[in-house]
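Novice: Could you have a look at this structure, given as structure tokens, before my questions?
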Amino acid sequence: MLLALDTATTTASLALYDLAADQLLSEYTWEARRRQTQDLLVTAQQMLAQIGQTAQAITALAVTSGPGSFTGVRIGISTVKGIGVGLPTRPQVIGVPTLAVTAAPWLTLMQQTAPAAKLCAIIHAGRGRYNWAFFDADDLYWRPTADDHAGGTGEDLIAALHAVEAPAIWLTGESDPAVAAAVAPLSHV
């Protein structure tokens, strides 16, 4: 069983996934703000209990590796390392880019409904700054190209959206009212 953690932003998520059956067993997302350390392990234990499992069933761990809150990323990685050390057999540990996790739920839908579109995953970095990456619908590995992974101000993000040549751009992730207002007049977004 895989335990996946995302603590890189103010929204935290945990998921339990049966690797053999290719099935999501449990998922929980909450506005953690600065409470990840208080809620993370308690929530994981509750999720395991709800599906009738214990931590000993965990054979793999996944964690968001950034970009995101420096403290949030450290909390996630430290938690995964701690869980891994406490298990009877050493689990596989997988780091997944936060922007790929943000994009993943939408890529299958985009592939089915708008295969020529691009998806822009956005993470608010604080103080008017953002991290973003563009994804193609047909990339089943959810890999942003190095050229498409960027960081900057809201104005930089809007300029990047203007520069993309695609019939449509889907947006997902975190934003604020100023960016939402700047995006509204763009016909292809």
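The values are calculated or read from the model by the stated rules, or taken from the named source; none is laboratory data. This one's a predicted model, so the numbers in the text were calculated from it and none came from an experiment. Glycine also receives a Cβ, built like all others from the backbone with ideal geometry; neighbour counts cover every protein chain displayed.
Novice: Output the qualifying pairs, or none if there are none: Cβ atoms under 7 angstrom, residues six or more apart or on different chains, first residue in region 115-138 and closer than 23 Å to Pro167 by Cα, second residue among the basic types (Lys, Arg) and at pLDDT 90 or above.
Specialist: Pairs found: Phe134/Lys118; Phe135/Lys118; Asp136/Lys118.
Novice: Then there's this: When the residues of region 35-67 are filtered to those that are touching a helix residue (DSSP H, G or I) at 6+ places or on another chain (Cβ under 8 Å), over 12 Å from Leu5 (Cβ atoms) and part of a loop (DSSP other than H, G, I, E, B), which remaining residue is modelled with the highest pLDDT?
Specialist: The selected residue is Thr54.
Novice: Mind checking which pairs have a first residue in region 162-189 that is more than 21 Å from Pro105 (Cβ to Cβ) and a second that is among the aromatic types (Phe, Trp, Tyr) and loosely packed, with under 11 Cβ neighbours inside 10 Å, Cβ under 7 Å, 6 or more apart or different chains?
Specialist: The qualifying pairs do not exist here.
Novice: Next up: State all residues of region 1-43 that are touching a residue at least 60 places away in the same chain (Cβ under 8 Å) and of a type in the set (Asp, Glu); if no residue qualifies, say none.
Specialist: Asp6
Novice: What single numbered condition from (1) hydroxyl-bearing (Ser, Thr, Tyr); (2) closer than 21 Å to Thr29 by Cα; (3) out of contact with any helix residue (DSSP H, G or I) (no Cβ under 7 Å at 6 or more places or on another chain) fails to hold for Thr79?
Specialist: In the conditions (1) hydroxyl-bearing (Ser, Thr, Tyr); (2) closer than 21 Å to Thr29 by Cα; (3) out of contact with any helix residue (DSSP H, G or I) (no Cβ under 7 Å at 6 or more places or on another chain), Thr79 misses (3) alone.
Novice: Say we look at region 24-37 and pick out the residues that are within 17 Å of the chain's Cα centre (by Cα) and not polar (S, T, N, Q); which of these is surrounded by the most Cβ atoms within 10 Å (Cβ to Cβ)?
Specialist: Residue satisfying both the conditions and the ranking: Ala32.
Novice: Please go through region 38-73 and pick out each residue that is under 30 Å from Trp132 (Cα atoms) and surrounded by fewer than 14 Cβ atoms within 10 Å (Cβ to Cβ).
Specialist: Kept after step one, since they are under 30 Å from Trp132 (Cα atoms), are these residues of region 38-73: 38-41, 43-44, 60-73.
The answer is Gln38, Phe70, Thr71.
Novice: Quickly run through region 1-11 and pick out the residues that are part of a strand (DSSP E or B) and either surrounded by fewer than 19 Cβ atoms within 10 Å (Cβ to Cβ) or out of contact with any strand residue (DSSP E or B) (no Cβ under 6 Å at 6 or more places or on another chain) (or both).
Specialist: Passing the criteria: Leu2, Thr11.
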